[in-house]
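The values are calculated or read from the model by the stated rules, or taken from the named source; none is laboratory data. Because the structure is predicted, anything quoted here is derived from the model rather than measured. Reconstructed Cβ throughout: ideal geometry from the backbone, glycine too, with neighbour counts over all protein chains shown.
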Amino acid sequence: MDEKTVMMLKALRLRGLLEHWGEYMKLAEEKRLSSVKFLLRIIEDEYRGKVEHAQHMRQKQARIPERFVISTYPFARQPKLERKRILAIYDAFQYVLNCRNLVFVGPTGSGKTGLATGFLTQAIERGHSGRFILFADLIAQLYAAVADSRQGRVIRKFASYDCLLIDEIGYVEVEPAQAGLFFTLLQKRHRRKSTLITSNLGFSEWNSFLKSDHLTAALIDRLTENSHVINMRGCISLRAKLGRDE
């Protein structure tokens, strides 16, 4: 391959063709491919490579600490969990397409994070942007942004994800100003897409960490007006088997 061809392939970002040029030439000669079939093979390979790369980048940007998929969740060990309902929601994929929230409520170790991550992973694999973040880290980023007036930018960033998973709500207490920032993010004028929530506390207990009756009521109303609430309060801990908190 001459330098001009290399330059053009780089400019067109046809990296697959550039890296496998020799293989393609050998394939065309051995298989005696017509020009049409040869071009289609190259186009298909380039398209597949770009799709896989895009998915890899979405996974990387989502910052999922440990990748879970629904097919590996041990439903057999959680007989009190509504398996059929959860799988029906998963298969329909309406939580992303119709911008519906999913709220997983249950004790520590019951597998809330694993289930929620499975839904987030599905969204990413289907071409949607996503992000995993601990509630404590989200609050810290929002509050830190206030110091240099970047809170609007940070809110817009988290509001833009097609599927946002906020993990472990209820494990840390927040100040009224911090809770206010969190509520602002979830308001309809900012976040209009699917939000996944995991919490070890039932809604009646959220005031214990939000410290505001009014804000707690408003936040719960916002989260549940268009959502699926998955009650896992009767589920057992899977920690010993899975070797992790959730």
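In region 139-148 there is no residue matching the filter, namely being in the same structural domain as residue 215 (by TED's automatic domain parsing), surrounded by 21 or more Cβ atoms within 10 Å (Cβ to Cβ), among the acidic types (Asp, Glu) and not in a helix (DSSP H, G or I).
If the requirement is being buried (at least 22 other Cβ atoms within 10 Å of the Cβ), in contact (Cβ under 8 Å) with a residue 60 or more places away in the chain, assigned by TED's automatic domain parsing to the domain that holds residue 195 and not aromatic (Phe, Trp, Tyr), which of these qualifies: 108, 117, 113?
Result: 113 is the single residue among 108, 117, 113 that is buried (at least 22 other Cβ atoms within 10 Å of the Cβ), in contact (Cβ under 8 Å) with a residue 60 or more places away in the chain, assigned by TED's automatic domain parsing to the domain that holds residue 195 and not aromatic (Phe, Trp, Tyr).
Among residues of region 66-94 that are farther than 23 Å from residue 239 by Cα, those with a beta-carbon under 9 Å from a residue that is aromatic (Phe, Trp, Tyr) and surrounded by 13 or more Cβ atoms within 10 Å (Cβ to Cβ) at least six positions away or on a different chain give the pairs 89/95; 89/119; 90/119. Residues in region 105-137 that are over 28 Å from residue 74 (Cβ atoms) and not hydroxyl-bearing (Ser, Thr, Tyr): 127 alone.
Residues in region 4-62 that are under 30 Å from residue 164 (Cβ atoms) and among the acidic types (Asp, Glu): 52 alone.
How about region 170-246: which helices (runs of 4 or more DSSP H) wholly inside it have at least 2 residues that are buried (at least 17 other Cβ atoms within 10 Å of the Cβ)? Filter on region 170-246 gives 176-186, 207-210, 213-224. Cβ-Cβ distances below 8 Å connect the following pairs, each with a first residue in region 216-236 that is under 16 Å from residue 198 (Cβ atoms), a second residue that is acidic (Asp, Glu), and a separation of six or more residues or different chains: 230/82; 231/82. Within region 7-32, no residue that is part of a helix (DSSP H, G or I) sits with its Cβ atom under 7 Å from a residue that is surrounded by fewer than 11 Cβ atoms within 10 Å (Cβ to Cβ) and at pLDDT 85 or above at 6+ positions apart or across chains.
Restricting region 23-37 to residues that are under 16 Å from residue 1 (Cβ atoms) and of a type in the set (A, V, I, L, M, F, W, C) leaves a set whose member that is modelled with the lowest pLDDT is 28.
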